[in-house]
Each structure stands twice: as structure tokens, then as C-alpha cells.
Amino acid sequence: MSRAAGVEQGVNRRQFLALGWFPWLHPRHISLAGARFRILRNGHSNRRYLRIHGNEETARQVLERHMETHDGIAYVIESRVRTVVLQSLQLDPNRMFSRVGAEANLRMLNPGVAPERVRSALDVLERGREKLVHALTPPRGGLTVAMHNNGPGYSVADESESSDQTSLREPGNPHAFFLCTAPLDFEVLKTSPYNVVLQQHGPKQDDGSLSRLAVARGFRYVNLEVAAGQSERQREMLNWLEWYLR
């Protein structure tokens, strides 16, 4: 082996060891347009976690505490408000996972906006979307868990009509529920004491959400919803999921 080849092999080995054994050398942030996510890593796991709305503070607190004792990679948006700014336009970050969904959301949140401004913003998303999607997609057989909080205007009832199956074990608390995209996960989750809906096919309209993307690409996804401020309930449901959903 030549000296140059030996040096190159040594550099490659050092790079490999750095990435594999020194987690602080991994990227600490990932961004798409106006959405910037802090990356939390713990151990080695095929689970991915997401907190995508900046105003859902309960979800942030529960997820950050969860990552102190559980393996996986979490992506936590660095924001305190629900929307992000993309080329001076407001956008719901959970509507940016498809061009169709992002366009509808941009037009809704920015009434009267010029079509060329919308097209320009959509082109920015197109150029950067796949990097974030790759990060949020779990390895084969893995699971992505999204943490959400809701208010009085949204509950499991809003998802039931467009779901393939439902299991309402707690109808008196409609703001706490799981939304999953894999039938086998639904079979497990419906044995829990919580509300669950399955959206294996989902609504026909693509709203640009991560759940729609999970259905389209065929990876396992669970959305864990509770009312804002209900941290103990969200922590309890997340722990149930971790224990039983293998």
C-alpha cells in the first residue's frame, strides 16, 4: 500500500470513528426554509421524534424530558409561535411536506398574496424539503412519533370521519388521542386505555402534513395529541407507546 493510500485510509477511518463514536460531532440543527430544528440525540434507536409547532409548549417540555432517558433522535423546532416565515410569508410548518399542501396553506395564511410570490416560496421548499424528510423518516422498521397539543377547536372527532378505523376508549376526553398510519400499530394502540384513529389511506386531499407524507411513503408514524397544558397525560401516553409499541 502506498503512503498516500495509507494516509487516505487513516483519514477515512478517523472520520468514521468520529461520526460513530463522538455524537457531539453530529449536526445540532437542521432547517427547511424558515423552520429551524434543534436535534437531540440519545443512544442508538430507529425511533424519530418531532415537535413541529413552536406554540405547543407542553409537547416541547415532555419530549425534551423524554429524550433524557430514552434512545432516539428528536427534532424540536426553535420557535415560540405556530407559524414560520418563508420569504416574508406565513406558513404552518406541518403543511410544508408537499407542494400542494404548502401552496394551499400559503394562500390561506397570506390572503391576496401575488401568485409569483407563492411560486417562489414553493420553489425554496422544493430545493430543501428532501433533506428534512430524510431526517424525519425512520430506518426500516422504525417509527416516527410527532408530539402535538391542541385547543378547544380540535379533537379526535375531527379525524374520525376521515379515518379507516377508530377506537374511542376515552370518549369523555376527545382531546387526547393517537393518530397512526400503520394497521399493525393500530392493533396495538387500540388495546391502550386511550383514543386511537388509523389513517392508513387518509383523506383524499393532500394537506402537506407529515402524516400524509408517511402514508404516501409507507413509513410508520404516530401523532400523539393532548390538550395544551396536559403534560402528565402526554407523558403517560408516550410512556405507554414506548413500552408496548415495539
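The values are calculated or read from the model by the stated rules, or taken from the named source; none is laboratory data. Given the structure is predicted, the values throughout are model-derived calculations rather than measurements. Note that we place each Cβ from the backbone using ideal geometry, even for glycine, and neighbour counts take in every protein chain shown.
Any idea which of (1) assigned to a helix (DSSP H, G or I); (2) farther than 14 Å from Met237 by Cβ is the one Ser162 doesn't satisfy?
(1)
Tell me which residues, restricted to the range 195-246, are without any contact (Cβ under 8 Å) to a residue 40 or more places away in the chain and surrounded by 20 or more Cβ atoms within 10 Å (Cβ to Cβ).
Within the range 195-246, Asn195, Val196, Leu198 qualify.
Run down Arg127, Arg80 and say which single residue is of a type in the set (D, E, K, R), free of Cβ contacts under 8 Å to residues at least 24 places away in the same chain and either over 27 Å from Pro203 (Cα atoms) or surrounded by fewer than 22 Cβ atoms within 10 Å (Cβ to Cβ) (or both).
Result of the check over Arg127, Arg80: Arg127.
For the subset of the range 218-243 comprising residues that are part of a helix (DSSP H, G or I) and in contact with a Ser or Thr (Cβ under 7 Å, 6 or more places away or on another chain), which member is nearest to His148 (Cα to Cα)?
Selected residue: Gln234.
Give the range 130-162 a look and list any residue that's at pLDDT below 95 and over 22 Å from Gln230 (Cβ atoms), or say none.
Arg140, Gly141, Glu161, Ser162
Take the range 96-124 and flag every residue that is aliphatic (A, V, I, L, M), without any contact (Cβ under 8 Å) to a residue 24 or more places away in the chain and not in a helix (DSSP H, G or I).
Ala114, the sole residue that qualifies.
Between Arg212, Arg169, Arg246, Arg140, which is assigned to a loop (DSSP other than H, G, I, E, B) and either among the small types (Gly, Ala, Ser) or farther than 18 Å from Arg47 by Cβ (or both)?
Arg169
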